[in-house]
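Down below is the structure, laid out as structure tokens.
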Amino acid sequence: MFLSLNHRHVGDAVVVSCSGRITAGAESDALQQYLDGLAHRSPHIVLHLGGVEFIDSGGFGLLVRGHRVRRERRTNFTGWPTRAALSSFRRRSRPVMPAKPPSTC
């Protein structure tokens, strides 16, 4: 399933509803362009990620960068992955370091 994006205005905020997958590449690029296009409409952007079924490290990176950029511009940016997206990310993730340090002699 690809990423689907819709938005609506709620008060002075723009709520962006996402469904599908947020992955590095086309989906992340599409979301970035969509958010950039809405940035001038409202200082408050809320991501509704209830329909997101999968997110990879590129998708997480986009959310973190988006939050940082909006904070630097003094605008609000809210949105965190759902449990389903987090669990799919955890299943695919591998630890960077071994669970136990190697024994020394």
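Readers should treat all values here as calculations from the given coordinates under stated rules, not as data from a laboratory. Please read all numbers here as calculations on a predicted model, not as lab measurements. Here Cβ is always computed from backbone atoms with ideal geometry, including for glycine, and neighbour counts include all displayed protein chains.
At a glance:
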{"read-out": "In region 1-61, chymotrypsin sites (Phe, Trp or Tyr not before Pro) in a DSSP loop with at most 16 other beta-carbon atoms within 10 Å", "value": "Phe2"}
{"read-out": "Phi to ³J(HN,Hα) by Karplus 6.51 cos²θ - 1.76 cosθ + 1.60 over region 2-10, Hz, x for Gly, Pro", "value": "8, 7, 10, 10, 9, 9, 8, 9, 10"}
